[in-house]
Each structure stands twice: as structure tokens, then as C-alpha cells.
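Below you'll find the structure, written out as C-alpha cells, and then a few comments.
The values are calculated or read from the model by the stated rules, or taken from the named source; none is laboratory data. Since the model is a prediction, treat every value here as computed from it, not as a measurement. Cβ placement follows ideal geometry from the backbone for every residue including glycine, while neighbour counts extend to all protein chains displayed.
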Amino acid sequence: MILASTNIITPLAVVGIATLIGYYMGHIARFCKLPSIIGYMILGVIMGPSLLNLFKHSMLEDMAFITEIALGFVAFSIGSELSMSSLRKLGSGIVSIIFAESFTAFFLVTGAVYVYTGFTDGGYDLPLALIFGAMAPASAPAGTVAVIQEYKAKGNLTKALYAVVGFDDGLAIIIFGFAAAIAKVLLISEATGETASILPSLIDPCKEIVLSIIVGGVVGFLFCQIVRRLDNSRDILIIVFGAVLLAAGLSQMMHLSLILTNMVIGFMLVNTRREALVHKVTTPLLEVMPLVFVLFFCLAGAHLDLGAIPSLGLLGGVYIIGRTVGLIGGARLGAMIGKVDENIKKYIGLGILSQAGVAIGLALITQHELSGLGSTISGGNATHGDVLGTTVLTSVTATCIFFEIIGPILTKIALKKAGEIPEK
């Protein structure tokens, strides 16, 4: 605490400390039969503002680019596993799983929160229920991918997890765009008594998805043209870094989906180049990913505000239960409709519960977009939209702590039960 408050420790030194100690925290977690990333996150919480404050709030903001780079590599890794031949073998069941788990979670959480608000003093609150429902489908692919790579999992469930956590964030963004547009119209109507148009608000999420695919396709085409002429794995790794950083930077600049853009690059690689080249590109990347995961999950842990846990309340509990039942039940329903492999049907739902950055990002957008909308709350100057934004951000931040801890653990259990984690 003394060192942190006197600014003796520089950001680079803090990152170095986190990397060195994180290595051993990962080993301790594995000794306890937990994924290494749990150890990294616990270290992040200890070093973050909640406890030692070595990672200050200002420092975390300055290091946001590390998180974006890590997500870029995670998305590229997901894309490079999505070969069309593998997806065809899994069948159309993957599509039905993605749609079923996303929409089941959305409708179940929306209904549960709507019923919950009916028992509170404020009465039924449809805008709040819609926004909470829209948060439910968003996942955190980094946690799932980290567990898969750490335990070198292989099999149909592993391939299915790559596909589901890769594509459901795109669907989650579209669902959020529609739900937020309807919530905004309801709040405007509440304040003015007039009905506003929903259509203009629906254009943005659709445009974001389409442009993300186009930008990823262009960068992916250039990337494939360059790497096919290279033989040295070291040179290929440099080009991979350049492509991921370029795609991440363009996504940030154009307000696109960083995950989807980089996923398209990996998708183009695996579906347009020979298997030998794909192996040559992804093999050195696997050597780098452990370091990426140490930094990413340590920073993720530092962002977790332990002070938000007491504010979780009954509403947070409703969201946790509704999202968990919706994702697991919806995934199983989709698997039954799609008639997929038995292991996928049984365990796919357990591997998709992680939630973090995307959901918190959507919560921040909610707070910004709905601020000042709706009728004024009696006894103050805050509007319905102001209270809604604060409630969603606080609750989602608190529940992400739960999902980021339990999600990777359940992913490991699912892969273990499916027999896709090789015996040592």
C-alpha cells in the first residue's frame, strides 16, 4: 500500500510483478484442480483497486490496449478453429444451439426481471427487463478458449464450443440493439406521451456486424496473401501480430466488434489455405497465448470491484439464475432440435457461462444511451433512464464476478466429462 501510494512502482514494474507471480498463481490453481486463469484473476483482484491498489484505476485505463490485443488473439484463435469441413461434420445443430441459447436466455431473463419488478414499489418495468434480458446472451470467449488451450482439449464438444462462443457475441450485439431501441422508445413515450420510431435505432447494430465482417475479410485476405509466401515461423508470428493489431485498431476506430473482426481473419485463414500453412501459423501462436492469458485475466481480475458484491441483491440473483438456466436449457434445446452428438447435447451449456467485457461494455452503452430519458423519479432530478443505467451497470458488474469465476470451472468440468481432456 505504501509503495503504491508513493508511486515508486511504475506500471511496467507492476506488469512484471503480475507476470512473475501470475505464473505461480496459475500453478497453485492447477494444484487445486482449477483452471490457471482462476489463479491469474485472484492475483488481479489482490493487486487491483479493491485490495492493494497496485493496479490503480488510471493505470487500468492506460492498459486497456492490452485487453484489446488479448481479445484480438483470442478471436483469431477461435476463427482459425472454424473450418467449414469441421462445421459441416457438426451439422446445422450448431446454428440451432447458438440461436436457442441466446434467445432462451434473453426471453427468460426478460420475463424473470419483469415479474421481479412487479413485486417492487416501482411496479412493472419493461425497459429494465428488456435491457437485462439483452445482457444475458453476451459471453466471454477468452475464458472458454483459455481452458481449452490449457488442457489441450480436442473433440466435437471442443469444436462446438469454439463455434458457439465465437458467433453468439455477434448475435448478442444484434439482440441488444433491438432491445435497447425498444427500451429507448418506451422511455421517450413515457416522458412525452408520444410514440417514437424504432427503426433508426435498429440500423446501428446491423451495420456494426456487417462492417466488422467486411473489415475482417479485407484484412484477412491481405494476411493470407502475405503468410503464404513465408516459411519461417518467426516471420509468420510477426505478421500475425501485425494483422491482429491492425484489425483491433480499425475496429476501435470505426466502433466495430473487435472479436468478430479478428475471428473473420482466422476463419479466412483456415478455409482458404492448406492445413500445413494453418498449422505453421497457429503453432507459434500457442506458445505466446499463455503470456497473453496471464496479463488478460490478471487485468480482468483487477477490474473486478469487490465493493459491488454487497449491491448484488435479489435482482442480481434473479439475473444469475435466469441467465444460467436460459443458456444451459437453451443450448440443450438447440442441441436436441439439431440432433447433434450426445456429448455436445449434454455439456455444451456448461461451457458458455463466462461473462465479462462484452456485457460490461453493453452496460456502459446503456448508461450513456438512456441517460436523461423517461419520466423524472419522484423526489429527485434523476430520470427513469438514469436509474435504469446505474442499476444495470452495478448489477452486471457484480454478476460478472460470479460468472468469470464459475464459468471456466464449469468449462473444464464439461470437457472432462466429455472425455476431451487428454490424460497426462
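Return the total of residues in the stretch 102-121 being within 18 Å of residue 317 (Cβ to Cβ) and not aliphatic (A, V, I, L, M).
To start, the set of residues in the stretch 102-121 that are within 18 Å of residue 317 (Cβ to Cβ) comprises 105, 108-120.
This time we only want the ones that are not aliphatic (A, V, I, L, M), so: 110-111, 114, 116-120.
Counting residues in the stretch 102-121 that are within 18 Å of residue 317 (Cβ to Cβ) and not aliphatic (A, V, I, L, M) gives 8.
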Study note, to complete from the structure: All-but-one check, residue 404 against (1) among the acidic types (Asp, Glu); (2) buried (at least 20 other Cβ atoms within 10 Å of the Cβ); (3) assigned to a loop (DSSP other than H, G, I, E, B), failing number (3)
Point to revise | First in the stretch 73-84 and under 11 Å from residue 289 (Cα atoms), second anywhere and at pLDDT 80 or above and of a type in the set (Ser, Thr, Tyr), Cβ under 8 Å, 6 or more apart | key: 77/282
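So that you can scan it fast, the table gives a plain yes or no per residue for (1) in contact with a Pro (Cβ under 6 Å, 6 or more places away or on another chain); (2) surrounded by 23 or more Cβ atoms within 10 Å (Cβ to Cβ); (3) farther than 12 Å from residue 323 by Cβ:
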residue: 91; (1), (2), (3): no, no, yes
residue: 107; (1), (2), (3): no, no, no
residue: 123; (1), (2), (3): no, no, yes
residue: 143; (1), (2), (3): yes, yes, yes
residue: 149; (1), (2), (3): no, no, yes
Study note, to complete from the structure: Within the stretch 195-237, the count of residues that are surrounded by fewer than 14 Cβ atoms within 10 Å (Cβ to Cβ), of a type in the set (A, V, I, L, M) and modelled with pLDDT under 90 comes to 4
Practice item. Go through the residues of the stretch 268-289 one by one and say whether even a single one is within 18 Å of the chain's Cα centre (by Cα), closer than 21 Å to residue 138 by Cα and in a helix (DSSP H, G or I). Key: no
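Which is of a type in the set (A, V, I, L, M, F, W, C), touching an Asp or Glu at 6+ places or on another chain (Cβ under 9 Å) and in contact (Cβ under 8 Å) with a residue 12 or more places away in the chain, of 142, 112, 134, 138? Before you say what the answer is, go through the steps one by one.
Details: 142 fails: touching an Asp or Glu at 6+ places or on another chain (Cβ under 9 Å); 112 fails: touching an Asp or Glu at 6+ places or on another chain (Cβ under 9 Å); 134 fails: touching an Asp or Glu at 6+ places or on another chain (Cβ under 9 Å).
The match here is 138.
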**Study point:** Meets criteria (touching a Gly at 6+ places or on another chain (Cβ under 7 Å), surrounded by 14 or more Cβ atoms within 10 Å (Cβ to Cβ) and either closer than 29 Å to residue 251 by Cα or at pLDDT 85 or above (or both)) for residue 55
**Key:** yes
Revision key, fill the gap. Of (1) assigned to a helix (DSSP H, G or I); (2) hydroxyl-bearing (Ser, Thr, Tyr); (3) over 30 Å from residue 177 (Cα atoms), residue 50 fails just (1)
Exercise for review: Could you list, in sequence order, all residues of the stretch 254-286 that are closer than 19 Å to residue 235 by Cα and among the aliphatic types (A, V, I, L, M)?
Suggested key: 265, 269, 270, 276, 277, 278, 281, 285, 286
Revision key, fill the gap. Taking the stretch 265-274 and keeping residues crowded, with 24+ Cβ neighbours inside 10 Å and among the hydrophobic types (A, V, I, L, M, F, W, C) leaves 265, 267, 269
Check your understanding: Inside the stretch 245-264, can you point out the residues that are hydroxyl-bearing (Ser, Thr, Tyr) and either exposed (fewer than 15 other Cβ atoms within 10 Å of the Cβ) or at pLDDT below 85 (or both)?
Key -> 257
Exercise for review: Could you tell me whether any residue of the stretch 224-244 is aromatic (Phe, Trp, Tyr), farther than 24 Å from residue 164 by Cα and within 22 Å of the chain's Cα centre (by Cα)?
Suggested key: yes
**Study point:** Cβ pairs under 6 Å, 6+ apart, first in the stretch 245-261 and more than 13 Å from residue 211 (Cβ to Cβ) and touching a residue at least 12 places away in the same chain (Cβ under 8 Å), second among the acidic types (Asp, Glu) and assigned to a helix (DSSP H, G or I)
**Key:** 248/68; 259/169
Check your understanding: Can you pull out the helices (runs of 4 or more DSSP H) entirely within the stretch 59-158 that have at least 3 residues that are under 30 Å from residue 387 (Cβ atoms) and at pLDDT 85 or above?
Key -> 93-118, 126-135
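What number of residues within the stretch 203-228 are among the aliphatic types (A, V, I, L, M) and without any contact (Cβ under 8 Å) to a residue 12 or more places away in the chain? Give the steps one after another, and end with the answer.
Of all residues in the stretch 203-228, those among the aliphatic types (A, V, I, L, M) come to 203, 209-211, 213-215, 218-219, 222, 226-227.
With without any contact (Cβ under 8 Å) to a residue 12 or more places away in the chain added as a condition, the list becomes 203, 210, 214, 218.
Result for the stretch 203-228: 4.
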